[in-house]
Amino acid sequence: MHQNFQLKDLSPVHYFLGIELLRTSSSLLLHQSKYTEELLTRAGMAESKTAPTPMAVHPPSTSDSRLFDNPTLYRSIVGGLPYLVVTRPDIQYAVNRVSQSMHAPTEQNFQALKRILRYLKGSLRRGLLFTKGNLEFSVYSDSDWANDKDDRRSTTGYLMFLGPNLISWCTKKQTRVSRSSTEAEYRAMAAGVAEAMWLYDITDALGLPVFRPKICGDNESTICVTKNPVLHDRMKHIGSDYHFVREQVMVGTMSTHHVPSSEQLADILTKPFPPAAFHYLATKLPLVSVDQLEGG
């Protein structure tokens, strides 16, 4: 690059666009402690109590709650959270939920937002860890069927790993109501497959010796549909997703595998969990504290 552009080596980066980098001999940790502190201060919660998770397991309904009297504050704080998700996929689902109420936030929505901030206060120095490993793509896709009590739409979630490292993730409400859990899971898998194909093409163009993507799901019916054309009649109403995924499996571009629900890492992107289960999934991403690396 130096032969074609005027460049200057400023030594290894330690801070860039609000993201801090901590290097060790075998790993790299990306975290946003300073950015998180600034966000907490702006929200007036720098001295708040902490919360064990970013979302209650059974959040109260927001439909009966009165409108929040300062929607500008709500939108300002929520608007600062998506950038934090760059290194904190553990708050992705909770941020997705509070972002759906930007147009008319209620008191309950604001309480849910404060819960996220209290969780961040207690996990201020946590970040995303990268270590050396193989170049195998693994995609975990999942869906929480009809989990929105207002419109009964499902939530898609997927995580993509390159070797041991998490490189892409997504939480998104599905655009249509799914008539079964299999359908909802299949839509989520199709989204994960599309992302995997895009990243696989990029790495292939760069000449990296990557392995074909492996798609992991915990719904046995969904896995069966990707391999068994006999079930085609049951999936006609989602034909485009059905044919897209099956085509990739048939030509050998990728393979699908069943994983037990306890090891479905994408669950953290589709539903709230109690503290023990939540932190188990978070460590699998892996999310670790700066103090763990500095202490080690």
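Please tell me if Asp201 is closer than 22 Å to Leu166 by Cβ, modelled with pLDDT of 80 or more, exposed (fewer than 14 other Cβ atoms within 10 Å of the Cβ) and among the acidic types (Asp, Glu). Yes: the conditions hold for Asp201.
In this entry, Gln100 passes the filter for residues that are under 17 Å from the mean Cα position of the chain (by Cα), surrounded by fewer than 19 Cβ atoms within 10 Å (Cβ to Cβ), within 27 Å of Ala191 (Cα to Cα) and of a type outside the set (A, V, I, L, M).
Somewhere in the stretch 22-33, is a residue surrounded by fewer than 12 Cβ atoms within 10 Å (Cβ to Cβ) and either of a type in the set (A, V, I, L, M, F, W, C) or not assigned by TED's automatic domain parsing to the domain that holds Leu113 (or both)? No, every residue in the stretch 22-33 fails to be surrounded by fewer than 12 Cβ atoms within 10 Å (Cβ to Cβ) and either of a type in the set (A, V, I, L, M, F, W, C) or not assigned by TED's automatic domain parsing to the domain that holds Leu113 (or both). Considering Ser27, Ser48, the condition of being closer than 29 Å to Tyr280 by Cα, in contact (Cβ under 8 Å) with a residue 40 or more places away in the chain, small (Gly, Ala, Ser) and touching a Ser or Thr at 6+ places or on another chain (Cβ under 6 Å) is satisfied by Ser27 alone. A Cβ distance below 6 Å, combined with a sequence gap of six or more or placement on separate chains, defines the contacts here; from the stretch 206-229, residues that are within 19 Å of Ala194 (Cα to Cα) reach residues that are in a loop (DSSP other than H, G, I, E, B) in the pairs Val210/Leu135; Arg212/Met254; Pro213/Met254; Ile215/Met254; Cys216/Val259; Asp218/Val259; Asp218/Gln264. The residue of the stretch 13-39 that is nearest to Val98 (Cα to Cα), among those that are part of a helix (DSSP H, G or I) and in contact with an Asp or Glu (Cβ under 9 Å, 6 or more places away or on another chain), is Tyr35.
Counting residues in the stretch 140-157 that are surrounded by fewer than 17 Cβ atoms within 10 Å (Cβ to Cβ) and hydrophobic (A, V, I, L, M, F, W, C) gives zero. Within the stretch 103-114, the set of residues being crowded, with 19+ Cβ neighbours inside 10 Å and assigned to a helix (DSSP H, G or I) comprises Asn109, Phe110, Ala112, Leu113. Considering only residues of the stretch 79-118 that are over 19 Å from Leu166 (Cβ atoms) and in contact with a Ser or Thr (Cβ under 6 Å, 6 or more places away or on another chain), which is modelled with the highest pLDDT? Selected residue: Arg118. Within the stretch 40-67, the set of residues being assigned to a loop (DSSP other than H, G, I, E, B) and of a type in the set (S, T, N, Q) comprises Ser48, Thr50, Thr53, Ser61, Thr62, Ser63, Ser65.
The values are calculated or read from the model by the stated rules, or taken from the named source; none is laboratory data. None of these values were measured; they are calculated from a predicted model. Don't worry about glycine lacking a Cβ; one is built from the backbone with ideal geometry, like all the others, and counts go over all protein chains shown.
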